[in-house]
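Each reported figure results from applying straightforward, stated rules to the coordinates on display, with no laboratory input. None of the values given here were measured: they were computed from a predicted structure. Positions of Cβ are backbone-derived with ideal geometry, glycine not excepted, and every protein chain shown enters the neighbour counts.
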Number of protein chains: 2
Amino acid sequence: MNIIHTPSEMQAWAQACRRQGQRIGFVPTMGCLHAGHLSLVRLARRHADRIVVSIFVNPTQFGPHEDFSRYPRPFENDRALCEAEGVDVLFHPSPETMYAQDRSTWVDDSALSTGLCGASRPGHFKGVLTVVAKLFNLVLPDVSIFGQKDAQQARLIQRMVRDLNFPLEIILAPILREPDGLAMSSRNIYLSATERKDALCLVQALCLARDRYRNGERTAAPIIAGLRRHLSETSSAAVDYVALVDDVTLQPVERLDAPALIALAVRIGKTRLIDNLMLPDPTLCSLPMN
Amino acid sequence: MNIIHTPSEMQAWAQACRRQGQRIGFVPTMGCLHAGHLSLVRLARRHADRIVVSIFVNPTQFGPHEDFSRYPRPFENDRALCEAEGVDVLFHPSPETMYAQDRSTWVDDSALSTGLCGASRPGHFKGVLTVVAKLFNLVLPDVSIFGQKDAQQARLIQRMVRDLNFPLEIILAPILREPDGLAMSSRNIYLSATERKDALCLVQALCLARDRYRNGERTAAPIIAGLRRHLSETSSAAVDYVALVDDVTLQPVERLDAPALIALAVRIGKTRLIDNLMLPDPTLCSLPMN
């Protein structure tokens, strides 16, 4: 496995690869890899000849009071996991090589980023879109895989690829869950043993919503009320948002007649967790007890 | 010459070209081609195997009271000029194929776009950067040529290519001028015979500034005062801005010790014209009577 540390070397590798007619599959990550990330790598492998994984804790997508500095960076472990998956290139640049001090160009969105996580994390998606645009131009992928876990991010990236005509395909991968249903996340390692149990309230609430939907409920208000009621039973849980939105526009809906997304952000202690459920087709969200 | 009307066909052509190992040179234009544009095409030819010219009057870079609808679109003439120059592909998309109705992704700049034309044309450079990013992703050039005539635009594009890591090179081409010194511009055709004569006040003012610089003047204030005084002698001329800025940051400077740009925007009647001079090296601005 080739470990590349600078943008210019990454781009040179990608251009050489392209000249040889090989298809590049790309999985961008912030490291602290878990089985969810590895499932993205395996999915990429099915669509490409060469696989690039990037590990870059992107400073521009963290707010001033967020966890940028304490975000876990277990590089040696991540390296070994990528090696074991047969990744061709691990791209691991420094913030200094990625961002000029006088940087001033940004990619941003004016519609899909305003609600959900965008409302509680101002500037977050501007940072995400900018760094992903940069990574696409450096890795030159034919296909790039994003996880449904970050549902809003995935839809923003798909929108960016369409709007800016990036010459690549985005594939979404299902949420991977722990055996008890908790959605896998690098931030789960922040949880204490008690918080780890409390964190199950997210997936439990989504299962309740799914069951109400299966029983014929098509009005958003009682579903949201049921979600909030369940979450309120966990005293360490502080709801950031509970939203039922159109799956394309991410605007709130009152009725569940078109494809919709139920999205949650909940703080368990100091750790902010997210999870979601797509309806009518919940496949990508892989809730337990289907 | 191949005329391509849709983004998907343009991208497919570019990808096929890339697979064959050919270098693509790209000249983006809004059409109404003049000798200045053709000089960009010839410069592109020196750096590439295949030449793409785009003609797209981009609606998102015009303000609500600007000349989008009346901007000249002499397509048959433009087509003949491109054909005569040996252009390989003329890309001529419609606004409808370029922009989805629910587009929401934008490229913008937070530093170089705030002054000069950016101050008088709010949103203009956001539209420019977004469409150029789209065109780069559709045409996949190895090299793209921009004219020094639009000095601020050229520096913004160079900054975007650096900041977003586009895998291509930007080359700036010198301003082309009419025999009497007027900078060539598609908008010159708006000028009446009298206005055409009055329009010479821009290049004359720049020549005066250059002469003061040659005589040792290094303080911005008297140079700007001299420019304004000269422009005020033409009664049909209404100054939009006269600025002396650092050539990299585009921020106003008080002294001419580092590379600087003198930039003008002046309305002659209803027609807004721009021109500029780089110091100490004025080569790209090709003022007369050097």
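With +1 on each Lys and Arg Cβ and -1 on each Asp and Glu Cβ, how big is the dipole of chain B about its Cα centre, in debye rounded to the nearest 20? The partial results should precede the final answer.
Working: 32 positive and 31 negative charges, 29 e Å.
Charge dipole of chain B: 140 debye, to the nearest 20.
Going down the table (A:K134/B:K149; A:K126/B:K126; A:K149/A:K270; B:K197/B:K270; B:K149/B:K197), which pairs top 24 Å between alpha carbons? Before the final figure, lay out the partial values.
On the way: A:K134/B:K149 28 Å; A:K126/B:K126 15 Å; A:K149/A:K270 20 Å; B:K197/B:K270 15 Å; B:K149/B:K197 19 Å.
Among A:K134/B:K149; A:K126/B:K126; A:K149/A:K270; B:K197/B:K270; B:K149/B:K197, the Cα-Cα distance tops 24 Å for A:K134/B:K149.
Please report, to one decimal in angstroms, the Kirkwood hydrodynamic radius of segment B:2-173 built from all distinct Cα-Cα pairs.
On the way: mean 1/r = 0.0613 Å⁻¹.
Computed over Cα pairs of segment B:2-173, the Kirkwood hydrodynamic radius comes out at 16.3 Å.
In nm, what is the difference between 0.36 nm times the number of residues separating B:S232 and B:A111 and their Cα-Cα distance? Could the numbers behind the result be given before it?
Working: separation 121, 0.36 × 121 = 43.56 nm, distance 3.02 nm.
Contour length minus Cα-Cα distance gives 40.5 nm.
Going by alpha carbons, how many degrees (0 to 90, nearest 10) lie between the helix axis of A:75-84 and the longest principal axis of chain A?
Orientation of helix A:75-84: about 80 degrees from the principal axis.
Can you list which of the trypsin sites (Lys or Arg not before Pro) found in segment B:43-103 are DSSP loop residues with at most 13 other C-beta atoms within 10 Å?
Details: sites: B:R45, B:R46, B:R50, B:R70, B:R79, B:R103; in loops: B:R46, B:R70, B:R103.
Here the trypsin sites (Lys or Arg not before Pro) that fit, given the DSSP loop and packing criteria, are B:R46, B:R70.
Working from Cα positions, state the angle (0 to 90°, nearest 10) between the long axis of helix B:7-19 and the longest principal axis of chain B.
Rounded to the nearest ten degrees, it is 80.
Going by Cα centres, segment B:51-66 and segment A:53-114 are how many Å apart?
Each part's Cα centre sits 34 Å from the other's.
Grab the DSSP H runs of chain B that are 4 residues or longer, score each as -39,500 (n - 2.57), total them, divide by all residues and round the 222 nm result to the nearest 500 deg cm²/dmol.
Rounded to the nearest 500, the figure is -11000 deg cm²/dmol.
Please give the helix B:124-139 orientation as an angle from the longest Cα principal axis of chain B, in degrees from 0 to 90, rounded to the nearest 10.
Here the helix axis deviates by roughly 30 degrees.
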